[in-house]
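FYI, it's all coordinate maths here, none of it is from the lab. The model shown is predicted, which means the values in this text are computed figures rather than measured ones. Quick reminder, even Gly has a Cβ in these numbers, built from the backbone with ideal geometry, and neighbours come from all protein chains shown.
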Amino acid sequence: MSALSLHKRIEENTGLLIFGILLVSAIGGLVQILPVLNQKSLQAPSTNTQPYTAVELTGRDIYIREGCSVCHSQQVRPLIAEVERYGPYSRAGEFVYDRPFLWGSKRTGPDLHRVGGKFSDDWHRIHLIDPRAVIPESIMPGYPWLAKREAHRAGDIVAKMTALRTLGTPYTDEQIAQAEADLEGLLEIDTLIAYLQMLGTGLDEEIAR
Amino acid sequence: MATTHSSQDSADIYEDTVVIRLIQFSVLWAVIAMTAGVYISAELLWPTMDFGQFWLSFGRLRPLHTNGIIFGFGVSALMATAFYSVQRTSHVRLFAPKLAWFCAYAWQLIILLGGLSLLAGWTSTKEYAELEWPFDIAIAVVWVLFGVVFFGTIARRKIRPIYISNWFYGALIIVIAMLHIVNNLAIPVTFGKSYSLYAGAQDAVVQWWYGHNAVGFLLTGGFLGMMYYFLPKHSGRPIWSYRLSVVAFWAFTYSYIWAGPHHLHYSAIPEWVQSLAVVMSVILLAPSWATMINGIMTVSTAWEKLRTDPALKFIVLSLAFYGLATFEGPMMSFPSVNVVSHFTDWTIGHVHSGALGWNAMITYGTFYFMAPRLVGVPLYSVRLANIHFWLALAGTMLYIVAMWGAGVSQGLLWLSVDEIGELSFSFKDIMASMQPFYALRLIAGLIFLAGTCLMAYNLSKTLVGRKAVVVKPPPVDPAYAIGKEAAV
């Protein structure tokens, strides 16, 4: 009956109840999440995976801002149909510079992890502004405003790259110093296309072949 | 603010005006966020419905819909019911009522400004944690204060045992605080932009530890607190097995946390993490159904009340959907099922069988129960509430069926290869074939929204312009009273 009398004490003591809930709910995270956070192999980039350039990073943050990941996953599963449809399945090493990860949970539109290089820049430009101009059945919204805004308008690229370097992305001083100039004259849509065109190109060479 | 009793005469009456206000806010967010949901479901049929406006774009409205439902409608309802029931199960007035009022209004401000920030494109993209860092900090602060009011009330209770509903509300407060803080750790860049402390596969594991358990402890645990207070209260029957509720509580609190990585099957996270998540997801079925059975058995001698009482009908039906969703969840965690269901509308259907069938319905039932009692008049219209019940049921069923149809076909058609291993269907053909299902879903959403609007009308007719009834704590049975020697 000691278990019951122990429980009687928890049942009648606010502090014990709080402590008990915290303890019992924390175990799962400690055993399951902490080891993953300490697993070095999940932080090692694939050989061709580089930090995002200033242009690609700007494009990626526009992808985030517009909520593209609401309808597009970036996670090719190791299944025959998916590898045929999209390309080689996704490896952990390709995502090490992704803050946050953009795997998504829903494919209202197709997966985009291997979209890089599959379409021309011009195709992307038309498609992003008016998807039904190139795919009549498409239910994707158009993003005409991306072709009107200048990419450097936010003026925060140096702060962004500096923040990412603090978190461990190996940007050099030159890359950060050059960032503003890299964005000069580009529209938001140009940077988004640059991001889409590099997506999935960070695989090790022998796997990509 | 409406609390203007002098401190002398209000010290021993329940603080119920804040409950009324929270109910009204909750209903308001339900109407707004469900309208957003209906709107984006129409955008999937008519993609130009954003009229070239960035803030009407699907990618921005969808997080507004989910956050509005979970944090606007859901949390406001949880705060309202927690404040209502913790006073009545502790036999004392809320601890620090002014702080309770602050929590209630600060929370509404966070939802309002947070919603606007999502439309402006401030988002971390982490699902159900989209709000950017200034809001994350504000949420953490208000959440802790919510905990102070709640646990402060329990600490001052006049009755020895802490009733089971308070455990679930307590777990809601504690675990959500833990998940929210850990998952949102980030380095701010500007007011509307930050970078996650975690990257890639590790970020994914942390996010779904959060995402799954936000569902677990907010949408499941918190609402079970609602169930454990309002179901026995309303049916006039004690909990069928108090011991079962105790065992199920700890089993639930322990095992839910492990199941998150089942959102990441076939991904680049370690395989042992995925497998462990499957095992724990299946184990989770036990406490989930134990709780459902406990609830159903509690009303088992009061079935006749279902004929006349729409509030009880909502609560009992919500338990059925709770059972359905908590059965479907573990099934979808099996890799062989998940391979079909993942990334499809099946997931959307699963979420809505929980969100519409369980969360919304139990909240509706609870509101129909509380509102007349709070102001001391009968419900404005029982007939409208009955109509609402059937609209809610029809809307939910149609929604789930439409999404099952869409999800299962998507999943199977995507995976389909012919005898020489070529893909059988192009993505865009499969996508185009979804239109009938999306149309059905839009109709389902409209039906459900119509019901919610009826309730908004019914409750506002009941509540608006009336003051909270003055309720004093009843005397405590001496057998359960807190003696001088009892530690609190």
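Some observations on this one:
- Ordering of A:88-100, A:36-48 by packing is A:88-100, A:36-48, highest average first (other Cβ atoms within 10 Å, averaged per residue).
- The long axis of helix B:382-415 is offset from the longest Cα principal axis of chain B by roughly 30 degrees.
- P(r) tail, chain A: Cα-Cα pairs separated by more than 28 Å, 42% of all pairs.
- Evaluated on the range B:95-245, the Kirkwood hydrodynamic radius is 17.1 Å, with distances taken between all distinct Cα atoms.
- Student exercise, the range B:257-354 dipole from Lys, Arg, Asp, Glu Cβ charges, in Debye to nearest 20: 240 debye
- Calculated from backbone phi, Karplus (6.51, -1.76, 1.60) coupling profile of the range B:474-481 in Hz, x at Gly/Pro: x, x, 8, 3, x, 5, 10, 5
- P(r) weight above 15 Å for the range B:93-183, C-alpha pairs, percent: 64 percent
- Among the chymotrypsin sites (Phe, Trp or Tyr not before Pro) in the range B:5-111, those placed in a DSSP loop whose Cβ has at most 10 other Cβ atoms within 10 Å are B:51.
- Radius of gyration (Cα atoms) of chain B, expressed as a multiple of 2.2 N^0.38 Å: 0.98.
- Taking the range B:112-222 and dividing mean pair separation by its residue count, relative contact order in percent (alpha carbons under 8 Å, at least six apart): 33 percent
- Span from the the range B:332-376 Cα centroid across to the the range A:132-209 one, whole angstrom: 38 Å
- Sorted peptide list for B:220-231, B:470-481, B:169-180, criterion being average Cβ within 10 angstrom, highest first: B:220-231, B:169-180, B:470-481
- Mean separation of Cα contacts under 8 Å, 6 or more apart, over the residue count of the range B:1-157: relative contact order %: 29 percent
- Prolate/oblate/rounded label for the range A:86-209 (Cα gyration tensor, a/c 1.5): oblate
- Cα-based helix-to-principal-axis angle, B:17-43 vs chain B, degrees rounded to 10: 10 degrees
- Look at the Cα gyration tensor of the range B:428-482: its axes a ≥ b ≥ c give a/c of at least 1.5 with a/b at or below b/c, and that counts as oblate.
- Estimated dipole of the range A:1-160 in Debye, rounded to 20 [Cβ of Lys and Arg +1, of Asp and Glu -1, Cα centre]: 120 debye
- 0 to 90° range, to nearest 10: angle between helix B:271-298 axis and chain B longest Cα axis: 40 degrees
- Mean partner shielding of peptide A:79-85, defined as the number of other chain Cβ atoms within 10 Å of each residue Cβ, is 5.
- Mean residue ellipticity at 222 nm, helices only, the protein assembly as shown: -19500 deg cm²/dmol; runs of at least 4 DSSP H residues each add -39,500 (n - 2.57), and the sum is divided by the number of residues.
- With the convex hull drawn over the C-alpha atoms of the range B:382-488, the volume per residue is 265 Å³.
- Built amide H within the under 5 Å cut-off of residue B:186, gap 5+: B:197
- Whole-Å semi-axes of the ellipsoid equivalent to the range B:176-317 (Cα gyration tensor, √5λ, descending): 37, 18, 11
- For q = 0.18 Å⁻¹, Debye-computed log10 I/I(0) when each Cα of the range B:381-429 counts as one equal scatterer: -0.66
- Given +1 at the Cβ of Lys and Arg, -1 at the Cβ of Asp and Glu and no other charges, the dipole of the protein assembly as shown around its Cα centre is 3240 debye to the nearest 20.
- Reported to the nearest whole Å, the Cα centre-to-centre distance from the range B:140-198 to the range A:26-86 is 29.
- Take each residue of peptide A:32-43, count the partner chain Cβ atoms within 10 Å of its Cβ, and average: the result is 6.
- Translational diffusion of the protein assembly as shown, µm² s⁻¹ [Kirkwood Rh, Cα pairs; Stokes-Einstein; 4 °C; 1.567 mPa s]: 49 µm²/s
- Of A:24, A:5, B:114, farthest towards positive along the dipole that unit charges on Lys, Arg, Asp, Glu beta carbons give the protein assembly as shown: A:5
- Comparing Cα centroids, the range B:62-128 and the range B:17-51 end up 15 angstrom apart.
- In Hz, Karplus ³J(HN,Hα) per residue of the range B:118-124 (6.51, -1.76, 1.60; θ = phi - 60°; x = Gly, Pro): 5, 5, 7, x, 7, 7, 8
- Over the range B:296-357, the reciprocal of the mean inverse Cα-Cα separation, the Kirkwood hydrodynamic radius, stands at 13.2 Å.
- For residue B:194, the residues whose amide H sits under 5 Å from its own are B:189, ignoring neighbours fewer than 5 places away on the same chain, with H placed 1.01 Å from N.
- Computed over the range B:170-230, the Cα gyration tensor eigenvalues convert (square root of 5λ each) into semi-axes of 28, 13, 8 Å, ordered from largest to smallest.
- Shape of the range B:254-315, Cα gyration tensor, a/c cut at 1.5: prolate
- By the equivalent-ellipsoid construction on the alpha carbon gyration tensor, the range B:1-145 comes out with semi-axes of 35, 15, 11 Å, ordered largest to smallest.
- The Cα-based radius of gyration and maximum Cα-Cα distance (Dmax) for the range A:1-104 are 22.0, 67 Å.
- For the range B:318-439, diffusion coefficient by Stokes-Einstein and Kirkwood Rh (Cα), 10 °C, 1.306 mPa s, µm²/s: 96 µm²/s
- Within 10 Å of each Cβ in B:412-425, the average number of Cβ atoms from other chains: 2
- Gaussian network model of chain A, Cα within-10 Å springs - most flexible of A:80, A:129, A:64: A:80
- Across the range A:151-209, the mean sequence separation of Cα contacts (distance under 8 Å, 6 or more residues apart), normalised by length, yields a relative contact order of 44 percent.
- Charge dipole of the range B:413-488 about the Cα centre (unit charges at C-beta), most positive-ward option of B:433, B:421, B:451: B:451
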